[in-house]
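Trainee: Shown below is the structure under consideration.
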Amino acid sequence: MEATEKENPTPAPGTDKLELAGRITDILRTVYDPEIPVDIYELGLIYEVKIDDEKNVEIVMTLTSPSCPVAESLPIEVEQKVNSVQGVRSAKVTLTFEPPWEKEMMSEAAQLELGFM
């Protein structure tokens, strides 16, 4: 495959947005902040997953702090993993700090795992 070719040029037949969103959520649960033993989805770092009609995906996410040591690498990892999901035509990560992340944004499971409950 040439470097300029897209790995997922067309969505898989029969892939609807709900099914695709589920696969995207599953892959997001495989990405971890290296300093916290909980995945970024359960940490509440994913604010929004937008899927358009052509199966282009935009992930709006944040970090635990603007000075997070993985500020450069984590969004790239998320983009690459979402791009690898069958049915995704393209993936783009938009980083935001509004609203700022707070530990209350974590799922109950994450809060239990980290001893906050």
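Throughout, read-outs are computed from the coordinates displayed, never taken from laboratory work. Small disclaimer: the values here were computed from a predicted structure and weren't measured. No Cβ is skipped: glycine too gets one built from the backbone with ideal geometry, and neighbour counts run over all protein chains shown.
Trainee: Tell me yes or no: at least one residue of the stretch 46-61 is touching a residue at least 60 places away in the same chain (Cβ under 8 Å) and among the β-branched types (Val, Ile, Thr).
Mentor: Start the filter on the stretch 46-61 by keeping residues that are touching a residue at least 60 places away in the same chain (Cβ under 8 Å), which leaves none.
Among the residues of the stretch 46-61, not one is touching a residue at least 60 places away in the same chain (Cβ under 8 Å) and among the β-branched types (Val, Ile, Thr), which makes the answer no.
Trainee: Turning to a different aspect of this structure: Output the residue which, of all residues in the stretch 65-103 that are touching a residue at least 40 places away in the same chain (Cβ under 8 Å) and hydroxyl-bearing (Ser, Thr, Tyr), is surrounded by the most Cβ atoms within 10 Å (Cβ to Cβ).
Mentor: Ser90
Trainee: Conditions: (1) closer than 15 Å to Val38 by Cα; (2) touching a Phe, Trp or Tyr at 6+ places or on another chain (Cβ under 9 Å); (3) surrounded by 14 or more Cβ atoms within 10 Å (Cβ to Cβ). Met61 meets all but one. Number of the miss?
Mentor: (1)
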